[in-house]
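Asks: Right, I'll just put the structure down here and ask away after.
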Amino acid sequence: MQLPLTDPANCEATTLYSAPPPTPKQVGAAEKPTVEELVAATLDRVQEPGQHSWEEDVLLWRRPAACPNVQASPDAPPLIILPGFGNNTADYVEPAAQREHSLVASLRDRGFSVYVVDVERQDWLKVDLIGHSAGGWLGRAFLADPAYFVQEGPDRQCHHAVRTLVTLGTPHSAPPAGKARDMTGGALTWVHSNWPGACFAEQQVKYVCVAGRTVRGDRAAQRRSLGKYAYGSYTQVCGDGDGVEGDSVVPHESAHLEGATNVLLDGVFHSMTSIGAYKNPSEFVWYGSAEVVDHWAHHLVD
């Protein structure tokens, strides 16, 4: 469909000046000109050498002498503009809401039939985010905070490039007030209060929250045991670690979000270790172990 355009204001056309090509250096019989030499030999310069001047490492445009406007012939084929990476159709039709200064207007004023491929900025990039531990709530902040994307309109919006957010063992909620201190210095409380749960599920963002049920916190366990370690970690996360189950660092109930696709994996630890995460086999696995990945990664392709 042809894009409706107004006639641009008359403007003086620029011209191309062809400087004499530099003489390639003499080469032997077995030598070939370099790419730079071949390009230099056929280079058309927009300005004659010396007409431009550098200002603080910037070479500014100086409009050359006038010449007749280019005019398309009656049988000229249509022009189709392919937007650049990150650009949208409007950048070529009415950039900054100034249709008369667009590339389309300039070409149509010269008699060309011009079309632009219909592209929106968000069409260029769609990504899935995977956040491990604290990376999960940092992903929630990136998804929602207007500091990271252009807000379009007054309604609550999210980052247009994000398709899916997968969190692995992420502590999504701060401990109840009075039970334990928010170890993130209030950042997690801020994220959870501003964008609770699967906040942008209605805007087609898929949330997948993966948790492990591997170690039960035990206040009475021996020092340096997994149960004792988990008790201390769970207490920091949710305020009470005794009898609480999780991945040894984060209670599984804290790693899930309301409205998300919540996954619970038995026997999966919070982090990689020197045994089992690399070359040596081990009975201990974490979210990123080869044996485990398929149990949550299918949500990326469903």
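Asks: Pairs please, first residue from segment 252-281 and of a type in the set (Ser, Thr, Tyr), second anywhere and at pLDDT 90 or above and buried (at least 21 other Cβ atoms within 10 Å of the Cβ), Cβ atoms under 6 Å, 6+ apart in sequence or on different chains.
Replies: 254/171; 261/208
Asks: Next question. Could you list, in sequence order, the residues of segment 257-273 that are surrounded by 22 or more Cβ atoms within 10 Å (Cβ to Cβ) and assigned to a loop (DSSP other than H, G, I, E, B)?
Replies: Result: 257, 270.
Asks: Only one residue in 277, 297 is of a type outside the set (Val, Ile, Thr) and either at pLDDT below 85 or exposed (fewer than 13 other Cβ atoms within 10 Å of the Cβ) (or both), so which one is that?
Replies: Every option except 277 fails the conditions.
Asks: Something else about it: Considering segment 78-101 alone, what residues qualify as being within 16 Å of residue 119 (Cα to Cα) and assigned to a loop (DSSP other than H, G, I, E, B)?
Replies: Those that are within 16 Å of residue 119 (Cα to Cα) and assigned to a loop (DSSP other than H, G, I, E, B): 82, 83, 84, 85, 86, 87, 88, 89, 94.
Asks: Would you mind stating whether residue 253 is assigned to a helix (DSSP H, G or I) and surrounded by fewer than 23 Cβ atoms within 10 Å (Cβ to Cβ)?
Replies: Taking the combined requirement at face value, the residue does not satisfy it.
Asks: Oh, and also: Return yes when residue 241 is part of a loop (DSSP other than H, G, I, E, B) and at positive phi and no when it is not.
Replies: Numbers: part of a loop (DSSP other than H, G, I, E, B): yes; at positive phi: no.
No.
Asks: Please find, within segment 210-226, the residue that is nearest to the chain's Cα centre (by Cα) out of those that are part of a strand (DSSP E or B) and more than 24 Å from residue 187 (Cβ to Cβ).
Replies: Here the residue is 213.
Asks: Residue 105 is checked against (1) of a type in the set (A, V, I, L, M); (2) more than 30 Å from residue 158 (Cα to Cα); (3) in contact with a strand residue (DSSP E or B) (Cβ under 7 Å, 6 or more places away or on another chain) and fails just one. What number does that condition carry?
Replies: (3)
Asks: Something else now. Tell me which of these residue 207 doesn't satisfy, since it passes every other one: (1) within 27 Å of residue 157 (Cα to Cα); (2) in a loop (DSSP other than H, G, I, E, B).
Replies: Every condition holds for residue 207 apart from (2).
Asks: Given the conditions (1) part of a loop (DSSP other than H, G, I, E, B); (2) of a type outside the set (D, E, K, R); (3) modelled with pLDDT of 90 or more; (4) more than 35 Å from the chain's Cα centre (by Cα), which single one is not true for residue 229?
Replies: For residue 229, the failing item is (1).
Asks: Count, please, the residues in segment 54-102 that happen to be in contact with a strand residue (DSSP E or B) (Cβ under 8 Å, 6 or more places away or on another chain) and at pLDDT 70 or above.
Replies: 8
Asks: Pick from segment 280-294 the residues that are assigned to a loop (DSSP other than H, G, I, E, B) and more than 26 Å from residue 140 (Cα to Cα): which of them is modelled with the highest pLDDT?
Replies: Going through segment 280-294, the residues assigned to a loop (DSSP other than H, G, I, E, B) turn out to be 280-284, 287-289.
This time we only want the ones that are more than 26 Å from residue 140 (Cα to Cα), so: 280-284.
Numbers: 280: 52, 281: 56, 282: 59, 283: 70, 284: 80.
Taking the candidates together, the pick is 284.
The values are calculated or read from the model by the stated rules, or taken from the named source; none is laboratory data. Owing to the predicted nature of the structure, the values given are computational and were not obtained by experimental measurement. Note that each Cβ is placed from the backbone with ideal geometry, even for glycine, and that neighbours are counted across all protein chains shown.
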